[in-house]
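Notes follow the structure.
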Amino acid sequence: MGRVSDLAGRQRLSPDRRLRSPLTRSHGSMDRPLRVCIVAESFLPSVNGVTNSVLRIVEQLSAAGHVCLVVAPGPGTDTLDGADVVRVRSFELPKYGDLRVGLPTARLTQIIRRFKPDVLHLAAPALLGAAAAVAAKRLGIPTVAIYQTDLAGFASRHHLGLARGPIWNWVSWVHRQADLTLAPSTAAMWTLRRHGVEDVALWGRGVDLERFSPTHRDPAIRRALSSGDHGSVLVGYVGRLAPEKQVGRLAPVSRLPGVKMIIVGDGPDRAALERRLPDAAFLG
């Protein structure tokens, strides 16, 4: 309990002050529009949690009048909501054909230096984000890192448990290069702190009430998905179809009487899931 109380106490002390500190320490007032360089470990055309987070960040910052630059693995779109997107060299991950890994090169430092950002935002930093963090430290630019990808957990689920230790060593080192790490939950904060990342604040997740509003309900689509059975219960999953998502756990639910399973998304696990959930509707 002592450890938990200590961590909880530290979270209560100064989450707001910590969120402001990287900028206020270097730039004082935040009244003027900011120049934010977002280095994304993954981005369009690949659609995943990291990509969606970056899309919403650019959307909100641009709407507030700030200037954004996105640096991401290529190829792909070079503009987004008025923000430029600079693509860097990358390679495809095996079995994840739409997911690319950016290669850190000297060009990354040049891109950051030319843009002259007030703050660097690292979206799920791993390789590209690590190089950006080192460059930002050398250039004296405040850095915020977002922890949202459990790389060590992925290793375990892919039967690479021996890699957990080295992966955590790398992840914790990368996040210690940043002025602040934002984590999605208190559990994630505690895990990061156990691995030596001290400057952590909570950045909770929410639901976009405009995109996911009940006003978008369409009775005709519901009838089609439920095969006309008005009494059926639709249970849906939306996301990447990959082993780490554990979508196969929904198989017992899909077999319940009166339940229709709807799977929206694609990925390397789709064929296996279609065999395991034969009664589910896979919409792609």
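The values are calculated or read from the model by the stated rules, or taken from the named source; none is laboratory data. This one's a predicted model, so the numbers in the text were calculated from it and none came from an experiment. Cβ atoms come from the backbone with ideal geometry, glycine included; neighbour counts cover every protein chain shown. Heavy atoms of the whole protein, side chains included, go into the accessibility calculation; ligands, DNA and RNA do not. Shrake-Rupley method; radii C 1.70, N 1.55, O 1.52, S 1.80 Å.
Structural remarks
- Overall Cα dimensions of segment 245-284 - principal axes, largest extent first, Å: 29, 17, 16
- The listed residues H216, H175, once ranked by accessible area (1.4 Å probe) with the largest placed first, stand as H216, H175.
- Ordering 278-284, 192-198 by mean Cβ neighbour count within 10 Å, with the highest value first, yields 192-198, 278-284.
- Shape of segment 29-121, Cα gyration tensor, a/c cut at 1.5: oblate
- In sequence order, segment 201-214 has phi-based couplings of 10, 7, 10, x, 8, x, 10, 6, 6, 8, 5, 10, 9, x Hz under the Karplus curve 6.51 cos²θ - 1.76 cosθ + 1.60, θ = phi - 60°, and Gly or Pro positions carry x.
- Calculated Rg and Dmax of segment 171-256 using C-alpha coordinates, Å: 19.8, 56
- Per residue, the convex hull spanned by the Cα atoms of segment 223-264 amounts to 58 cubic angstrom.
- Area projected by the alpha carbon convex hull of segment 69-138, averaged over all directions, nm²: 4.9 nm²
- Amide H to amide H distances under 5 Å link T143 with L120, D179, L180, where only residues 5 or more positions off or on other chains count and H is placed in the peptide plane.
- Surface/4 of the Cα convex hull for segment 135-284, nm²: 12.2 nm²
- q = 0.27 Å⁻¹: log10 I(q)/I(0) that the Debye formula gives for segment 100-143, counting C-alpha atoms only: -1.00
- Taking amide H positions as modeled 1.01 Å from N, with prolines and chain starts lacking one, the residues under 5 Å from L234 and 5 or more places away or on another chain are K260.
- Spatial separation of Cα centroids for segment 164-227 and segment 242-270, in angstrom: 21 Å
- For V71, residues with placed amide H under 5 Å, excluding near neighbours: I38, V39, A40, V86
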